[in-house]
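Where a number appears in this text, it was derived from the coordinates with a stated rule and is not lab data. All values reported here derive from a predicted model rather than from experimental measurement. All Cβ positions, glycine included, derive from the backbone under ideal geometry; neighbour counts span all protein chains shown.
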Amino acid sequence: MDDHEKENECNRNKDRSPSPGVKSTAVVKYTAFQSPVGYARLQCNTDLNLPPSNWGGIDTYGLKQIITRDSGLSSFRMAHMFPDCVGEVDVISDAECIKKLLKLPYQPNGTVSMMVHRVENTLLLDDFDVYEYLMKSEWSWLKDFFYENILKTMSEKERMSLMLAPSPSSALQLTHKFLSHSVVERPQPLPSVVPHTPMCLAGPYLPEPETRPEEPANEKSFNRNVLWTFEDIHMLIGSNLPIFGDKDRPCVSLRLRDAREPINVLTGIDYWLDNLMCNVPEVLMCYHLDGIVQKYEPMKTEELPNMENSRFSPKVIRNVAQNILSFLKSNATKAGHTYWLFKGPHDDVVKLYDLTSLCPDDMDNPFTTPVAMLLYRVARNMRLMNRSKHVRQLLEHVVELLQEERYPQIVASSHYMLADLYVPATTNPACPNFKDESSDSEEESDFGDYAEFPPHTKSDGDGGSERDKGDNNNVEIVSEATDKRASGGAALSLQRRGDGARGLALRDIGHRRSARRTNEKIKTDDNKGLGLEPATRCGRALKHALKGLKALHHLTIDKSKEEERERLRQQIIIEEQHPKMANPYEPISMNYEPLKSKKDAKEHVSRSRRRKRERKNTDKSGNCLIESKSNIDKNAILVRKENNTLPNWHEPNRDDNFAWKLHLKTLLYEKICLAYATLAEYSYSHEQFGFSLKYIDLASKCQKLLSNMIIKSRVVDAGCLIGRVGDNFFQLSKHWASLEQFKKQFETDHDIDGQIKVEIENDMAEEIDGDAGDEFELEIALPLSETEAMLSSCRYYERAERAAADVTHKRDELLRRRASVCNELAVRYMHDAQQIYIKYVEEADQNDPKVKLLQEQFLTFSRRSSECLDEATTIFEQVKDVPNLALLYCNKARYMRFKAHCDQGSFNSEKRSLYSQAEELYSSALKLLGPRESCGAVSVWDLVSWELSCHLYTRAVLMQDCPSIYANEVTEVADAFRHALKYCPLSPGPRQYLYQFRAAMIYHRLGSLYHSQYRATAAEGARRRGLLLATCAQYERAALQFAALEDAAMFLTVRLEHVAALEAHAAVSPNLKLKALQNAIELLRQCHSIMKVLKDRDPDDHKEVPKSEDGDEKTLKDEHSLLCLYENRLNFILKSIIQYCRSKSNKDYEKMTVMYKKLYCASLKIKKSDNVRLYAASICDVLTAMDEISKEFE
C-alpha cells in the first residue's frame, strides 16, 4: 500500500469515530491481554451473586483492575514505558483522572486533587491523596499550608469527603462477577514486553532510578495504554476497560446496571469517554435486580450523550478539555516543580498550587526526590533514543534537586549524561562537528507553551510563572453559539488567588475558547544552548565529569576495598570463562524501527504539528552535506572504535555499589579523556601548541588510569596520541619565535584541570595495583632550542611507531612524519654548518684555537646533516613514498653542493666529484618520478627539474670562470649549459619570470663562452666562423629573452657584447668589415624598444631582477654606464663605416658615405644626462631621426 492509500485509510478511520460529533481517534500502544475477548450473553435470571467457575483464579484478563485503585505516579510509569511520547503528547495520565476533570461542569460538588508535573511540553497528571502524605510524614510545612488554606475553609462533611477512598463497593464486586460470568474464552496474557519501542542507541549501562520507600513495590501497569487524540489534544492514557466481542458485535464494552436506578449524566459521561478512549463503537448494558439478570440493551457510543436523564453536550466536554489544558500549560511551566490541582467539594474555582515553591528552604520537600528520579528516568530513556532536545534541562534539574550525598549513583550518572550531551561518545576529535541541539525547537504544541527551566530558587510563595505577573491575569473565553448560551454570557477567568495559587473559574468552564486566546510562548533562555564551539563544549563536559567524580566519593562500600576489588576481579574472570549464551528455545529480541514509522505516527499528531515537522525536515534536508572528500586530518588523535566499557561482564546488580562506582568512574574518565583529546586537536588546528601539549598530557594521564583499572578501557589510540606530541614539537620548531606564548599556554592550568589532576592522582594510588604500564607515560617538557624540539619530535614518533606496530598504515604514516622531521633537521644542521663556515672563513688567523673549534663544529654539523638525510632516505624507501624520496634526493644533492661550496680550493677533482654525485642524485629523483605527463606529483617533478637545472648551471659557470684549467673543455661546459636549459621549466606559473631569466642567462653565458673561444682562435677557418655564428645566435636568443622580460640592463649588456663580437670580426676580416659593421649598427638601432622602456619607466618602480647564484651581478654595469657605452659604440662604428666608404672610389660607396654622415650627425645630437630616463629619451629621438634618414636612401 502506498503512502496515498495509507493516508486515505487513516482518514476513513477518523470518519468512523465512535462519536461523530467530536474528533476522536485511539491507537493502542500496549495491551497486557488479548482483546477483544469472546463473551456470551447471560441467560435471564442468572444469579450474579454466585461466584463464577473461574472466580478466585489467576486474573488472565485484568478484570480485577476495575475494583483496585492505581497507586503511585502512574503517569511517570507510562512516561518510562513510552519515552518516545514524552514531549510529543500534551498529557500523560490515568483515564480516571481525565474523566474526573472532564466531568467538572456536571459535578459541581465533586472533589479534584491531582499532582501535575511538566516534562518538556507534556503534562503528567496523577491522583494526589493528600491525607496519605500528611499521615505518613512529618512535613509540617505542608500540614500548615493545607490546614490554613484548605481545611480551615471547609465544613466537617466536606473534610470527610477528602478522606481515602473506601474499599471496593458491592456494586463493583458484582460487576467483577458479571464480567467473569460473561467471558467464554480464556486468553493467555500477552508478554509484558512493550511493543513498538523505538530503536535505542548503543550506550553504556546507567543506574536505574531509585524507588521511594513509600511507593508500593507491586505497582501494576494498565491493561491498555492508548494514544488518544481528542479534537486537537493528544494524550497517552492508561485504561483498564475490558473490551469484548463476538460475531455480531466485534467490539463492545459490557456494563452492569441496576434496573431500578436510571443512568445519571456522570455515568453516561463515564461510559462515553471510556468508549472514546478505547475506540469502542458501542456499549452493551445488562440490567439486573438484586443481582438477577433481567435483560440486555445495546447502545451506540454516539447515542450515549442523548440518553434520557443523562443528556450532556460532547462539545461542552471538548471545551472543558481545551480550557483545562490551556490553563495548566499556561501556569504549570516549571520543569521539576510539583503542582497541586485542587478543587474542594463546593468550590467554584479549580486552584493550582506550586508546592515546590511553597516549600521553605530549610524544610524537606516531599516531592523533590521522586520527581527528580522520574525526571532522571525520562531523560535517560530520551537520551538513549537520541531525543535530546530538552534532556540537558531535565538532567540539570535532577542534579539540582538531588543531594549527591544521598544519591551519588544517580547524580554521577546525570553528570555523565550531561557531559555526553556536550561531547558525545561518537565525537571525532579531529572534526567534532557539534550541533546545537537546543536550537531544534520547531515543534510547538497547539497551545504554544513551552516548559520553562528557571534556576531552582524559592519564590515568595507564588506558584505561577514570571509571565503570570503581566497582563495575563484574565483570559476571556467566549461560548459557542451551538452551546445555546447567550452571546453576552459570563467569561471564564483565570484568577490569581491570595494563597499563591492560580485559579480557574468553573461557571463557564464548558464554554468554547475564543480565537483571540493568549498564545505566548514561554521561551527558554537563549544562552543555555549546548553551543557549537568545541572549546566551550569540552569545558562544560569536563565540569560535569568532574562533578560526577566528586559525587562518587559519597558512594559507600560495605566491605573493604581490597575484598571488593578481589570479588569484582574474580567475577570478571568467571564471566570471561563462562560467557552468557543465548537460549536456543527463546527468540532473541531485536530493536528495530519500522520503515514507515513517520507515516504511522500521523494518527496521533495534529495537522498543524505535521505541517511544522514536514516544513522543518524540508528546511534541514538542504543543509545535509555528503562528504565526498574528507578534510579531516588523518594524523589526528583517533578514538578507538572497538571501545567497550563492559566487554566481558554485564550490568552490575542494583546494590553492588563497588561495581557501580568503578563502572561510573570508568565512564566519567572516558569522557574526560575524550574531551581532552578533542581540546588537544582543536588547539593544534588553531596553532595553540602549548595548550595542545597540555591537553595531550592530561589525556594520557587519564588513559593511563583507564588502562590499569580493574575495568580496563581504551579511549584513544596510543600511536595517534603520541604521534600528535611529535607533531606539536615539530610545530614548535617551526614557530620558535612564539615559544614564550606556547610556554605560557602549557603552564597555565584552569581550575577544572587542576582538580581533575588531583582526582587522577588519587585514583591512580587507589585503583592501580603494582606497576602501571608506561605506554602513556609521556613526560612532556618544552624544548630549549629548535634543534631539541625536532629531536624530541623524532623520539615521540619512534614511540608512536612502537605503539602502532600492529597497524601497518598507521606505522607507515608515522614513519613518513619522522622522515620529514629528519629531513628538516638535516636542513637545519646544514644551515648551522654554513653559518659556522662563514665565521670560519672570516677568521684571519687560522692557527687560533677558536678557528679549530669552529672547524670541529662545522664537521660535526655536516656529519649530523648527512646522518639525518641517510635516515630519512631509508625510511622513505621502506614505505615506498616516491615523491618524498625524490625530494630527499634533492636535499642530499644540495648537501653535496654545500660540501663542494665549502671547499676553498679551485674547481678541482674533489669538487668535481661532489658535483657529479649531486647530478646523479637529481637524475635518480627524476627517474623515480618518471615522465612529467604521467607523474602523480607534477609540482615535485618541476622542483627537482629546477634544482637540477640550477646545479648544472652553477657547475658550468664555475668551470667557465676557470679558463686556465678548463680552457680545452669548452664542449663539456657548453653541454652543461645546454642540459641546464633542458631542465629549466618554462611553463606558466608563479615562478615563470625566474625561469625565463635563468634561460636568458644561460643563452648569455653560452654566447660569452663561444665569444671567448672565438677570440682565442687566431687562425681563420671553419672553426672560427662556426664559433662566430654560435656566438651571435646565443647572444640573439639572450637578447630576445631579456627584451621579453623588459630587463634593460641585461639586454644592453648582451647587445653590446654582440656588437663587440662583430667589431672584432670586422677588425680581422677586411673583406667582411663593412658587412660586420653594418650588422653592428643594425643591432644598435634595434635597441629602440628597450630605450622606450627606460624612458617610460616609473621612477619609483625599481623592479627587482633575480640574481644568479655565482655573482653575475658583478658583470652587470649600471644602466647609465651602459647608455654611455652605447652612445660611444654608435658614434665609433658610424665613423668607422664613413672612413671605410671614403677609402673606396665607387659611386655606391659615395652614396653610402652621404647616408652614414647624416646618421653620424644625428647621433651627435644625443644629449647626455645623469637622469637615465632623459638620457634614454634623447637616444629614442635620435634613433627615430635615424630611421627617417634611412628611409630617404631606400
Problem - region 103-112 - phi-based ³J(HN,Hα) in whole Hz, Karplus 6.51/-1.76/1.60, Gly and Pro as x - result: 8, 4, x, 9, 9, x, 9, x, 10, 10
Problem - Glu777 versus Ser939: modelled label distance in nm, points set 7 Å from Cα along the beta carbon direction - result: 4.3 nm
Fill in the blank from the handout: On the formula 1/(1 + (r/R0)^6), with r taken between the Cβ atoms of Asp845 and His553 and R0 of 60 Å, the FRET efficiency rounded to 0.05 is 0.25
Problem - Karplus (6.51, -1.76, 1.60) ³J(HN,Hα), θ = phi - 60°, over region 777-782, in Hz, Gly and Pro reported as x - result: 8, 8, 6, 7, 9, 5
Handout entry: Simple Cβ-charge dipole of region 1119-1194, Lys/Arg +1 and Asp/Glu -1, about Cα centre, in debye nearest 20
Key = 320 debye
Problem - Centre separation in Å (Cα based) which lies between region 304-342 and region 1039-1062 - result: 101 Å
Handout entry: Spread of Cα-to-Cα distances over 10 Å intervals beginning at zero, given as percent, for region 675-808
Key = 12, 42, 34, 11, 1
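Which of rounded, prolate, oblate describes region 241-316, given a ≥ b ≥ c as roots of the alpha-carbon gyration tensor eigenvalues and a/c under 1.5 marking rounded, otherwise prolate only if a/b is larger than b/c?
Values: a/c = 2.04, a/b = 1.07, b/c = 1.90.
Oblate.
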Practice task
For Lys1135 and Glu132, compute 0.36 nm times the residue count separating them, minus their Cα-Cα distance, and round to one decimal in nm.
Solution key: 347.8 nm
Handout entry: Inter-centroid distance (Cα atoms) of region 236-301 relative to region 657-720, Å
Key = 64 Å
Handout entry: Hull-based mean projected area of region 780-838, where the convex hull spans the alpha carbons, in square nanometres
Key = 4.3 nm²
Problem - FRET efficiency, 1/(1 + (r/R0)^6) with R0 56 Å, evaluated for Glu148 and Gln173 via beta carbons - result: 0.90
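List the trypsin sites (Lys or Arg not before Pro) within region 309-350 that DSSP assigns to loop and that have no more than 14 neighbouring Cβ atoms inside 10 Å.
Details: sites: Arg311, Lys315, Arg318, Lys329, Lys334, Lys343; in loops: Arg311.
Of the trypsin sites (Lys or Arg not before Pro), the ones in loops of region 309-350 whose Cβ has at most 14 other Cβ atoms within 10 Å are Arg311.
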Fill in the blank from the handout: Placing each pseudo-label 7 Å from Cα in the direction of the beta carbon, Asn1071 and Glu1188 end up separated by a distance in nanometres of 4.1 nm
Handout entry: Rounded Å value of the spacing that divides the Cα centres of region 988-1024 and region 780-820
Key = 49 Å
Fill in the blank from the handout: Residue span Ser913 to Asp806: 0.36 nm per residue of separation minus Cα-Cα distance leaves a gain in nm of 34.1 nm
Practice task
Find how much the distance from Lys744 to His1088 grows on full extension, using 0.36 nm per residue of separation minus their present alpha carbon separation; answer in nm with one decimal.
Solution key: 117.5 nm
Problem - region 825-925 pair-distance distribution - Cα-Cα, 10 Å bins, rounded % - result: 16, 40, 31, 11, 2
Fill in the blank from the handout: For the Glu687, Asp975 Cβ pair and Förster radius 51 Å, calculated FRET efficiency rounded to 0.05 is 0.55
Exercise for the section: Work out from phi, with θ = phi - 60° and the Karplus expression 6.51 cos²θ - 1.76 cosθ + 1.60, the ³J(HN,Hα) of each residue of region 800-815, listed in order in whole Hz, and give x for Gly and Pro. Expected result: 5, 4, 5, 5, 9, 5, 7, 10, 4, 5, 5, 4, 5, 5, 5, 4
